[in-house]
Amino acid sequence: MDLEPVKLQYATSRESTDIVHLEKSYGLFIDGKMVEPRSGAMFTSVNPATEEPLTQVAEAGSDDVDLAVAAARRAYEHGWRDLPGKERAKYVFRIARLLQERAREFAVLETIDGGKPIKESRDVDIPLAAAHFFYYAGWADKLGYAFPGRRPKPIGVAGQIIPWNFPLLMAAWKLAPALASGNTVVLKPAETTPLTALLLTEVLRDADLPPGVVNVLTGDGVAGAALVNHPGVDKIAFTGSTDVGKEIQRALAGTGKRLTLELGGKAANIVFEDAALDQAVEGVVNGIFFNQGHVCCAGSRLLLQEPIAEAFLDKLRSRMATLRVGDPLDKNTDVGAINSRQQLDKISSLVDAGVEEGAEMYQAPCPLPERGFWFRPTILTGVTPAHRVAQEEIFGPVLSVLTFRTPEEAVAKANNTRYGLSAGVWTEKGSKILWMADRLRAGVVWENTFNRFDPASPFGGFRESGFGREGGVQGLAPYLALEAIDA
Amino acid sequence: MRHDLAELSRVTPVRVMAVDAVSLEQRAAALAGRSLKREAKLGALDLAIRCTDYTTLEGADTPGRIVQLCAKAVRPDPSDHSIPSVAAVCVYPEMVPTAVGCLKGTSIGIASVAGAFPAGLGPLSARLEEIRWVVEQGATEVDMVLNRGAFLSGHYGVAFDEIAASKDASGAAHLKVILETGELGPYDQVRKASMLAMAAGADFIKTSTGKIGTSATLPVALCMAESIRDFAEQTGQAIGLKVAGGIRTAKQSWQYLVVIQETLGVEWMHPDRFRIGASSLLNELLLQLRTQQTGRYQSLDSFTDG
């Protein structure tokens with residue numbers, strides 16, 4: 001009896017969207033209430049996996065920014081600033097717990113608004129967002145111990161502008177330390193992914209957070225610019241592209257406003273010949289295809305030591321052939337939808353440029369849905385440091401592959417970039433990891449892993465990747481004035 | 001076909017790659033979370049039955065017990081003729097003649113443990129003699145154990161030569177080498193033992209004897225499957241994988257099948273290249289199969305004892 005081998009088909013296991021109740025339209029969250037934008041202007045938020053409109057969202061203008069900043073100022077001066085730390089902590093803890101209670105709802109909404117796989121919003125974005133609130137809630141009544149010899153005081157009103165790649169998580173990274181430190185906030189979520197920040201306003205109200213402590217203004221760059229330039233704002237925290245970051249820094253020069261920037265990256269993921277290669281393949285896949293490569297710290301440059309380069313690429317290509325690209329709500333999906341048509345066009349044009357410059361392209365042979373914004377997981381080999389795809393941030397599921405011969409060469413190539421946000425080192429030799437970590441100019445160096453985040457660990461960049469740290473005790477500093485205590 | 005490791009390393013160096021435990025376990029957990037279509041579940045259950053080495057390895061085994069085992073192996077569910085036979089029965093040497101008598105005329109393999117199972121620490125001549133004897137008696141598959149004493153003390157040459165000699169002694173019978181991964185320590189050791197056994201001539205590598213506390217786990221199976229994939233890439237030879245010990249539920253069985261399919265590809269989804277050593281699992285598979293078909297759970301008493 002000769003039998004053919006059996007191939008198992010995975011079931012579509014689609015997360016239900018019933019848990020999410022979308023309104024027909026959303027206003028701006030100012031002073032604890034949802035209000036219409038002054039101009040009446042609205043825009044549509046689209047599901048990038050289907051191109052279907054989800055809901056209408058208010059487009060904030062400078063009048064609305066005035067109102068929000070004024071509300072934040074009142075809340076700061078009439079209560080929040082002077083509230084004892086242990087009282088502020090109760091609110092932040094409450095937000096964390098409410099987020100956990102509604103985790104599934106947030107995960108589904110994050111996935112339909114942004115296109116990321118439900119596996120990731122469920123297991124990474126939402127749990128980490130809650131973890132950040134828990135972590136900083138713990139600091140609220142211990143600020144006096146965070147910076148020995150200094151007396152910490154809140155700064156005032158913080159304007160926070162966040163990107164579309166981890167919408168709720170970035171809101172949490174920004175809000176949690178600001179609130180724990182006694183500041184009030186005007187938060188502007190990204191244009192393409194405003195919905196979880198709007199849902200978060202329900203959590204803030206349920207947590208009885210005093211009106212005006214957090215205000216949420218949806219909109220585009222106009223609202224962002226108005227916030228940056230508003231004289232009533234004491235601090236700007238921005239996560240997004242390097243170009244916009246530079247504009248903000250120019251605008252703030254000489255104003256006395258504080259600034260932290262978390263910008264782009266072009267991280268090197270460096271694999272030595274003695275590495276655990278099968279696991280390094282998993283790490284490289286996770287490093288670049290996690291969240292469709294829409295990750296500022298993505299391992300977008302793979303540096304392979306020459307003796308294992310070919311074997312490693314064979315393994316990587318076989319592994320890529322098993323990636324499942326498609327419906328982000330399917331629990332089996334590994335790679336979801338590109339966040340917007342604009343981003344898809346940018347990725348396509350950079351990849352075309354790479355092929356034109358002589359790179360060889362391999363794309364995972366997976367079927368793609370007909371509607372929506374999709375890009376196949378892609379690797380470009382034969383890339384040299386002079387190629388655009390080795391220098392420019394693509395912010396998509398595209399990996400540029402380079403090779404090296406010695407650790408010195410690996411360091412030189414890894415550091416040969418405008419950026420300096422993260423790096424990965426894969427080797428079984430501990431001393432080599434430490435040697436590399438000393439020399440890599442990157443804010444985070446992962447060892448035998450990639451894209452691991454923890455609220456207790458500071459995150460941030462060097463050079464054109466920005467400055468300032470988020471997470472850990474270091475993440476409190478940008479939200480505190482640290483006066484010296486006379487001995 | 002057996003290879004001299006030194007010879008092999010001259011022609012095609014067999015590299016033993018390092019293993020990162022954290023990442024390996026993460027990958028295994030991710031694969032365990034894949035959900036299968038209903039038809040795929042039926043296919044997986046059917047395949048799991050066809051890949052089963054239906055096993056009894058008890059000191060209390062008697063010819064009567066073996067007759068019962070063999071009957072169940074041929075026809076796992078007498079009330080349903082669509083249910084396939086298992087791949088093989090797996091017994092102690094003394095029970096081989098009985099099994100041969102029972103399974104005459106069927107395509108079911110007769111696997112015998114041999115070579116001072118489960119410790120493997122008897123005199124080599126006696127171990128080889130035991131292997132020759134079971135093959136003479138009609139065993140078509142031999143499940144031997146890696147000499148962990150030699151392996152763990154760094155005498156890899158001894159461990160290698162013993163497997164190579166056992167391969168010679170097995171003749172035409174298929175040789176499965178049990179690594180007893182629960183005694184080897186870290187995954188690097190599992191990988192090293194896997195490569196050593198395959199280079200020495202194993203047709204299958206197998207996780208466990210089932211005689212110690214720690215048996216097959218999903219990460220161990222993934223680690224061994226990755227070794228098999230590397231060996232195939234480096235030598236062109238396809239070696240099989242047998243997981244054994246502690247596999248009691250249908251869900252576990254298809255999690256192993258997912259690991260095999262994702263790591264080694266669909267060519268390994270076949271009893272020639274994948275086996276599950278188990279006893280109580282068989283009725284669980286039948287129960288799940290009938291549940292999937294009828295939509296109703298049955299009592300385990302609806303299925304015959306093996």
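The values are calculated or read from the model by the stated rules, or taken from the named source; none is laboratory data. Keep in mind that what you see is a predicted model, and the values were worked out from it rather than measured. Note that we place each Cβ from the backbone using ideal geometry, even for glycine, and neighbour counts take in every protein chain shown. When the accessible area is computed, the model is the full protein with side chains, heavy atoms only, and any ligands, DNA or RNA have been set aside. Shrake-Rupley method; radii C 1.70, N 1.55, O 1.52, S 1.80 Å.
Taking amide H as placed 1.01 Å from N in the peptide plane, the amide H of A:Met42 sits under 5 Å from that of A:Glu59, each at least 5 places away or on another chain. Neighbours of A:Val325, meaning other residues whose beta-carbon lies under 12 angstrom from its beta-carbon, give a summed charge of -1 when Lys and Arg score +1 and Asp and Glu score -1.
How much of the accessible area of region A:268-455, in percent, comes from carbon and sulfur atoms when a 1.4 Å probe is used?
Taking all protein chains in place, region A:268-455 shows 47 percent carbon and sulfur surface.
Compute the acute angle (0 to 90°) between the alpha-carbon long axis of helix A:306-321 and the principal axis of greatest extent of the alpha-carbon atoms of chain A; round to the nearest 10°. Compared with the principal axis, the helix lies near 70 degrees. In region B:12-35, burial by the other protein chains removes 30 Å² or more of 1.4 Å probe accessible surface, compared with the chain on its own, from B:Arg15, B:Met17, B:Ala18, B:Asp20, B:Ser23, B:Gln26, B:Arg27, B:Arg34, B:Ser35. Could you please report the charge total around A:Leu344, scoring K, R as +1 and D, E as -1 over all other residues with beta-carbon less than 13 angstrom from its beta-carbon? Spelling it out: positives minus negatives among the neighbours equals +1.
Under Stokes-Einstein, with the Kirkwood radius over Cα pairs as Rh, the value for region A:268-455 at 25 °C and 0.890 mPa s is 148 µm²/s. Along the axis of the charge dipole computed for region A:405-487 (Cβ charges of +1 for Lys and Arg, -1 for Asp and Glu, origin at the Cα centre), the listed residues A:Gly466, A:Tyr419, A:Pro455 are led at the positive end by A:Tyr419.
What is the Å³ per residue value for the convex hull set by the Cα atoms of chain B?
125
Do any GluC sites (Glu not before Pro) in region A:354-384 lie in a loop, going by DSSP, with at most 14 other beta-carbon atoms within 10 Å of their beta carbon, and if so which? Those satisfying the criteria are A:Glu370. With all protein chains kept in place, the per residue accessible area of the protein assembly as shown amounts to 38 square angstrom at a probe of 1.4 angstrom. Projected over all directions and averaged, the alpha-carbon convex hull of region A:169-323 occupies 12.5 nm². Using only Cα atoms, tell me the angle between helix A:195-206 and the longest principal axis of chain A; keep it within 0 to 90° and round to the nearest 10. Orientation of helix A:195-206: about 40 degrees from the principal axis. For chain A, the longest principal axis of the alpha carbon atoms and the long axis of helix A:167-180 meet at an angle near 40°. Pull up the DSSP beta bridges for chain A and report the antiparallel fraction as a percent, rounded to 5. In chain A, approximately 35 percent of DSSP beta bridges are antiparallel ones.
Its Cα centre serving as origin, region A:268-455 has a Cβ charge dipole (Lys and Arg +1, Asp and Glu -1) of approximately 340 debye. Centroid-to-centroid, using Cα positions, region A:247-283 and region A:117-135 are 20 Å apart. Each Lys and Arg contributes +1 and each Asp and Glu -1, all at the Cβ; summed about the Cα centre of region B:154-228, the dipole is approximately 140 debye.
To the nearest 20 debye, what charge dipole does the protein assembly as shown have about its Cα centre, counting +1 at the Cβ of each Lys and Arg and -1 at the Cβ of each Asp and Glu?
On the way: 82 positive and 94 negative charges, 260 e Å.
The calculated dipole for the protein assembly as shown is roughly 1260 debye.
Other residues within the sphere of radius under 13 Å centred on the Cβ of A:Asn47, judged by their own Cβ, net out at -2 (K and R +1, D and E -1).
Between the residues A:Ile338, A:Pro397, A:Pro407, the greatest Cα displacement towards the positive end of the dipole of region A:268-455, with unit charges on the Cβ of Lys, Arg, Asp and Glu, is found for A:Ile338.
Think of chain B as a dipole: +1 on every Lys or Arg Cβ, -1 on every Asp or Glu Cβ, centred on the Cα centre; then among B:Val177, B:Ala159, B:Gly43, B:Gly43 lies furthest on the positive end.
Counting only Cα atoms, region A:69-165 measures 44, 30, 22 Å along its principal axes, largest extent leading. Backbone amide hydrogens, once placed in the peptide plane, bring A:Leu54 within less than 5 Å of A:Ser45, A:Val46, A:Asn47, excluding anything fewer than 5 places away on its chain. Model label points for B:His81 and B:His155, set 7 angstrom from Cα along the Cα-to-Cβ axis, are 5.6 nm apart. In chain B, excluding the sites themselves, the longest stretch lacking any of the trypsin sites (Lys or Arg not before Pro) that are in a DSSP loop with at most 11 other Cβ atoms within 10 Å is B:105-295.
Annotation: amide H-H contacts under 5 Å for B:Asp143 (H modelled 1.01 Å from N, sequence separation of 5 or more, or interchain): B:Ser112, B:Val113, B:Ala114, B:Lys176. As an equivalent ellipsoid, the protein assembly as shown spans semi-axes of 57, 29, 24 angstrom, where each value is the square root of five times an eigenvalue of the C-alpha gyration tensor, largest first.
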